[in-house]
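Asks: Got a structure for you, written out below as structure tokens; questions coming shortly.
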Amino acid sequence: LSHGFISLQDYNVELTGQSGIIIYDKMRKGDATVRISLRAVILPILAGHWSFEAASDSAQDVLIKDFMTAQLLSGDYGVDWDRFSEEALNLELAYGRMVYEKVFTVVQWNNGSYIGWKKFAPRHPRSIMRWAVGQNEDEQFGITQTLPYGGTVEIPGDKLIVLTHEREGDNWEGTSLLRSAHKHWYMKDQLYRIDAIAHERQGMGV
């Protein structure tokens, strides 16, 4: 990690940074075997029954449990848990990381006003330019994101949900679940191309 830019974390430099995202996109969107393998990992998790348990029998802890259930699992507020968990798993496992920004709002619930989540706003790995990991005393954890209309914005870590698969040290970009399959996918893809060219040359009339 150098000044927030993660490099030399993989011996195949094509699988790091933005170029890695492009390759993993090709793998997960263009190969049926890769897609099925990802779904085989993700679907059992999505099929699970999600619930909250109160930390104790106290009225406050039960209230917190009910509020969290309403916020995340009822579908009546900004966070759609099923959609969030499916997207988060898909992108975290495919790219090695996925980041969301917590957006808060005042929630009217149970005849009272509470501070809750309006949404978890996705911050796609393709848009993350730099990571701040506290390399000096003045630096706090966070990201620098490029904006679609130009410019950048810094988002502090306390506003983020950072999901990382197989993080090593300060490498918050993690390791894609598809990393070890890349060599086999690449060879198969090249053989497809060679075989298609051979059929085109031999199968068409002169």
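The values are calculated or read from the model by the stated rules, or taken from the named source; none is laboratory data. Because the structure is predicted, anything quoted here is derived from the model rather than measured. Here the Cβ positions follow ideal geometry from the backbone for every residue, glycine too, while neighbour counts run over all protein chains shown. The accessibility values were calculated without ligands, DNA or RNA, using every heavy atom of the protein model including side chains. Shrake-Rupley method; radii C 1.70, N 1.55, O 1.52, S 1.80 Å.
Asks: From the phi angles alone, apply the Karplus equation (6.51, -1.76, 1.60; θ = phi - 60°) to the range 189-195 and give each ³J(HN,Hα) in whole Hz, x where the residue is Gly or Pro.
Replies: 5, 5, 5, 4, 5, 5, 5
Asks: Can you tell me the accessible area per residue over the chain, all protein chains present, probe 1.4 angstrom, in square angstrom?
Replies: 64
Asks: Based on Cα coordinates alone, diagonalise the gyration tensor for the range 31-120, multiply each eigenvalue by 5, take square roots, and list the semi-axes in whole Å, largest first.
Replies: Three semi-axes, in Å: 31, 16, 10.
Asks: What does the highest-first list of 84-90, 112-118, 166-172, 145-151 look like by mean Cβ count within 10 Å?
Replies: So the peptides 84-90, 112-118, 166-172, 145-151, ranked by packing, come out 84-90, 166-172, 112-118, 145-151.
Asks: For the range 101-206, just list the percent of Cα-Cα distances falling in each 10 Å bin from zero outward, please.
Replies: Each 10 Å bin holds this share of Cα pairs: 11, 25, 22, 18, 12, 8, 3, 1, 0.
Asks: If you don't mind, there's one more thing I want to ask. For the range 11-145, with all protein chains present and a 1.4 Å probe, just round the carbon and sulfur fraction of the accessible area to a whole percent.
Replies: 52
Asks: Across 5 Å bins from the origin, how do the percents of Cα pairs in the chain run, short distances first?
Replies: Values per bin, smallest distances first: 1, 6, 11, 14, 15, 13, 12, 10, 7, 4, 3, 2, 1, 1, 0, 0, 0.
Asks: Right, something else. Between rounded, prolate and oblate, where does the range 55-107 land on the alpha carbon gyration tensor, with a ≥ b ≥ c its root eigenvalues, rounded for a/c under 1.5, else prolate if a/b exceeds b/c?
Replies: prolate
Asks: Then there's this: Once you've got the Cα coordinates, tell me which of Lys65/Lys159; Lys29/Lys102; Lys29/Lys183; Lys65/Lys119; Lys26/Lys102 are over 25 Å apart.
Replies: The pairs that break the limit, which is 25 Å between Cα atoms, are Lys29/Lys102; Lys26/Lys102.
Asks: Additional query: Distance from the Cα centre of the range 147-206 to that of the range 36-55, in angstrom?
Replies: Cα centroid of the range 147-206 versus Cα centroid of the range 36-55: 24 Å apart.
Asks: Among Ala88, Leu63, Tyr77, which residue has its Cα furthest toward the positive end of the charge dipole of the range 53-103, with +1 on Lys/Arg Cβ and -1 on Asp/Glu Cβ?
Replies: Ala88
Asks: Accessible area, 1.4 Å probe, largest first: how do Asp82, Asp195, Asp57 sort?
Replies: Asp57, Asp82, Asp195
Asks: Of the listed peptides 59-65, 24-30, what is their order by residue-averaged count of other C-beta atoms within 10 Å, with the highest listed first? Show your work: numbers first, answer last.
Replies: Numbers: 59-65: 12.7, 24-30: 16.7.
Top of the packing list down: 24-30, 59-65.
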